[in-house]
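The values are calculated or read from the model by the stated rules, or taken from the named source; none is laboratory data. All of these numbers come straight from a predicted model, not from anything done at the bench. Note that we place each Cβ from the backbone using ideal geometry, even for glycine, and neighbour counts take in every protein chain shown.
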Amino acid sequence: MEYGSIEREIHVDASPEVVFEVVSRPEHISQWWTDDARYDVAPGAVGEFVWGDRVQVVPMRVVSAEPPRLFSFRWCHNDGDVDSADSLLVTFELTPSGSGTTIRLTETGFREMGWEEAKVAEHYLDHSTGWDTFVPRLGDYVARLVSAP
Amino acid sequence: MITAVDDDLWSAVGDPTRRRMLDLLLADGEGTATSLSVRLPVTRQAIAKHLGVLDRVGLVHGTPAGRERRYRVDEAQLARAVAQLSSVGAAWDSRLRRIKLIAEAVQRAKDIR
C-alpha cells in the first residue's frame with residue numbers, strides 16, 4: 001500500500017502578493033478550508049486549525065513563510081505532537097505567470113499520516129463548506145476586506 | 001455521512017502495525033499470526049489481536065488451518081478504505097478552487113480601487 005504525495009497546480013488571475021495572503025493568512029484559511037485558524041505567519045510558529053465549535057482541533061506549525069513565493073506548514077502530527085516530524089507537510093509555491101500566479105500545492109508525508117487526514121476529511125467533508133454556502137458569503141467577505149483600512 | 005462501520009474501519013487502518021500486516025498479507029497472499037510475527041517486531045499474541053480487529057471490520061477473513069487461522073485480505077473492503085483516502089486529493093482540489101475564487105475577487109476589488 002503506497003500512497004504518493006499529492007501534487008496540484010492551478011492558475012490564478014491575481015498577483016503573487018494577493019495569492020500569498022490568501023494561502024497563508026489564518027483569516028483567509030478559515031474562508032477556504034477550516035472554520036477557524038490561529039497562528040502567526042512566521043517560520044516555527046505553532047497554532048491550530050479548528051472545525052466546528054472546537055469539535056475538531058488540529059495543531060499545526062508554520063515551516064516557511066517567504067512572501068510572495070513560498071508558504072508551508074505541517075499538520076496531522078502523530079499523537080498531536082507539533083515537534084514530531086511524523087506529520088503532513090503542505091507547501092504552496094507561487095510563481096508569477098502572465099498577469100497572474102501559478103500555485104503549486106504539494107502535500108507529502110502521506111504514507112503513514114494520510115489516514116489521519118482522510119479521517120479528518122471524512123468527518124468534516126468539504127461539502128459542508130462547499131459552494132452552496134460559500135459563494136453567497138464571498139461577496140460580503142471581499143467587500144469587508146477591501147473596505148478595511 | 002459517517003457510519004459506525006466507517007469509524008471502525010478508520011481505526012482499524014489507523015494503526016501502523018496493522019497497515020504493515022496488510023502489506024505483508026497482500027505481498028504473500030495469506031498468513032497466520034505465527035508467520036506474521038516472524039516478520040514484525042511484535043509478539044504473536046499481539047499479532048493475533050490485530051488480526052481480530054482487521055477481521056471484525058472485514059479487511060481480512062480467516063479460515064481454520066490446524067491450530068491457527070489463515071488470513072487473507074478482503075480486497076473489496078480494502079479498496080473501499082483506499083477510496084476514502086483518495087477523497088483527500090479531491091478535497092485539495094476544492095480548496096484550491098476556493099483559493100482561486102477568493103484571490104481573484106480580492107484582485108478585482110483592488111484593481112477597481
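Taking the criterion of being closer than 21 Å to B:Ser11 by Cα and either in contact (Cβ under 8 Å) with a residue 24 or more places away in the chain or surrounded by 19 or more Cβ atoms within 10 Å (Cβ to Cβ) (or both), the residues of segment A:60-88 that qualify are A:Trp75, A:Cys76, A:His77, A:Asn78, A:Asp86, A:Ser87, A:Leu88. All conditions in (1) out of contact with any Gly (no Cβ under 9 Å at 6 or more places or on another chain); (2) modelled with pLDDT under 90 hold for B:Asp28, with the sole exception of (2). If the condition is being closer than 14 Å to B:His61 by Cβ and either in contact (Cβ under 8 Å) with a residue 40 or more places away in the chain or among the aliphatic types (A, V, I, L, M) (or both), then segment B:28-42 contributes B:Gly29, B:Glu30, B:Gly31.
Just one residue in the set B:Arg113, B:Arg69, B:Arg95, B:Arg108 is in contact with a helix residue (DSSP H, G or I) (Cβ under 6 Å, 6 or more places away or on another chain), free of Cβ contacts under 8 Å to residues at least 40 places away in the same chain and of a type in the set (D, E, K, R); that residue is B:Arg95. Just so you know, in segment A:1-19 the residues that are within 25 Å of A:Asp83 (Cα to Cα) and either touching an Asp or Glu at 6+ places or on another chain (Cβ under 7 Å) or modelled with pLDDT of 90 or more (or both) include one that is surrounded by the most Cβ atoms within 10 Å (Cβ to Cβ), and it is A:Ile6. The listed residues are A:Arg74, A:Arg25, and the only one of them that is under 12 Å from the mean Cα position of the chain (by Cα), modelled with pLDDT of 95 or more and among the basic types (Lys, Arg) turns out to be A:Arg25.
When the helices (runs of 4 or more DSSP H) confined to segment B:3-113 are screened for residues that are out of contact with any Pro (no Cβ under 8 Å at 6 or more places or on another chain), within 30 Å of A:Leu94 (Cα to Cα) and within 9 Å of another protein chain (Cβ to nearest Cβ), those reaching at least 1 such residues are found at B:75-112.
Checking the stated criteria, A:Thr91 turns out to be of a type outside the set (A, V, I, L, M, F, W, C) and closer than 17 Å to B:Ala91 by Cα.
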